[in-house]
1. Between residue 485 and residue 627, what FRET efficiency comes out of the Förster formula 1/(1 + (r/R0)^6) with R0 = 35 Å and r the beta carbon distance, rounded to 0.05?
2. If the chain between residue 453 and residue 170 were fully stretched, how many nm would it gain, using 0.36 nm times the residue separation less the Cα-Cα distance?
3. Cβ neighbours within 10 Å, averaged per peptide: list 341-352, 443-454 in order, most packed at the top.
4. Sorted by mean Cβ packing within 10 Å, highest first, what order do the peptides 555-561, 354-360 take?
5. If I model a spin label at residue 299 and residue 527 as a point 7 Å from the Cα along the Cα→Cβ vector, what separation in nanometres do I get?
6. Suppose R0 equals 41 Å. What FRET efficiency, 1/(1 + (r/R0)^6) with r the Cβ-Cβ distance, do residue 50 and residue 247 give to the nearest 0.05?
7. For a test of the definition: using alpha carbon positions, the gyration tensor, and the 1.5 limit on a/c, classify segment 501-547 as rounded, prolate or oblate.
8. How much length is gained on full extension from residue 311 to residue 239, taking 0.36 nm per residue of separation minus their Cα-Cα distance?
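Only the coordinates and a few stated rules stand behind these numbers; no lab work does. Remember, it's a predicted structure, so these values are computed and weren't measured experimentally. Cβ sites come from the backbone with ideal geometry, for glycine too, and all protein chains shown count toward neighbours.
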């Protein structure tokens, strides 16, 4: 077979031309795409020797996003513990708390991404940005303040510009000075704008009154905070009064001599044409939307957002331009169309994290109960299964996926049983982790499979104790027999047992196979002999042969072990026991005589003959002494 090269991870499946045929193998987290050997008639091209690996959930390999996945996992598990039997009033505060926790980890991830320059930020920032917005828009709350906070986070480049300006020798004369001031105003960061304007006022003392007037307008602008002490009607009166004051300043030409201050005044009054001239600083239609709401409709309600969003999109974007996937997601979020947001995010985002978690939360809130998919699973479970399957392809995140499968009642266990068998058992520690997960969930087939794999691996490394331990956990009689044979073989070669602690504490596990039983009992014989409990040791040794527990190949070793007991001054074996020993010896020698003599090991045969002669002599002597002693006792 021709050797092939595996290309690095790619994000697009290579296109096949008219005379090429592609094959593929689909895994839980990736697809292997390769060119087949099929050739169209008349084609003279040589086959390609590359295999392309296409990953669908490559985000799990980003360190920043892995942190997001880990932290959100704890929130997810906590959400599942909220009791179904609790009344809705008791559960609602807990659901709100969970939602805030999710938003906090999204925000932390976004802030960390902003500190990473280059390709990583551009790759993930829009995804996390849309997730963060789509999440908080569902709950609304203090809507405009949330929108402003959202824009400030997304358009953080103004802070970098501000640092460059302030660190220059003359900030007020810096080329980006007025861009920074106007950007602060467009984002509703009026306090920062005032601080920047102070430097310009110091540079132009003659215009100090003009700057003082602008500072007064900026400082007076009211912000509505729902749920506060100020009623909506009172705020509306206050805001209109401020707006009229700004409009009067514009109409009477208070800032006519300074184009920059006049521009700021037009922005404050909410002049749409002026706002549209600042497309470069606004950069996006949704930034334009937030600025327009701030200076024109500060008490906007969540139900009204989609009207303003659609009009701002139309006004801001070129009619010939094609809307981005992010635009569709945000429009659906502004309409509070939960299912459209989930659908668009599922298509546009690189991973299933957002749709899985927000769907799970909404399902707990009973907002998705009636939306079931046609292929047998509800929407929540389908998305959680997809997300968890992606996690299983990562060397450490697979452990998080287990909890997600646990909370998918219909197909979660099936997915877990199939995927956990694909976790590479690189180390014994990792194998124990996987085993513990399977044992906790009573996945008996997977437990046996893992134990057998580890038993064979440790056996190949000649770690007999560990191999025996794994085989016992697997409850595999054949494997336990094989390893017990290796123990006995090792004993014959070295004269001692390895891993004595394990053998001494087999307990009921020795009943798994006859060979393992023999191993445990034979070790027990050695312990009795070492404690000088000769009669008990002799009885046990004889029973191992007469009960046919000991393998025939090991009988000579057992009979040799009986030799020191036969030669004790005190009679250990009774006459009947000696007869049984003699019978076993004759049975063994008769079977050896029927076997063809070994031409390769003549010296070994001589040793065996010597052992037999010594045993016969010792047994005859012991029998004579035992008969005399037993007859004397009877008399």
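1. 0.35
2. Answer, rounded to one decimal: 94.7 nm.
3. Ranking the peptides 341-352, 443-454 by packing returns 341-352, 443-454.
4. The densest-packed peptide leads the list: 354-360, 555-561.
5. Simple spin-label model gives 8.6 nm for this pair.
6. 0.05
7. Here segment 501-547 falls in the oblate category.
8. Length gained between residue 311 and residue 239: 23.6 nm.
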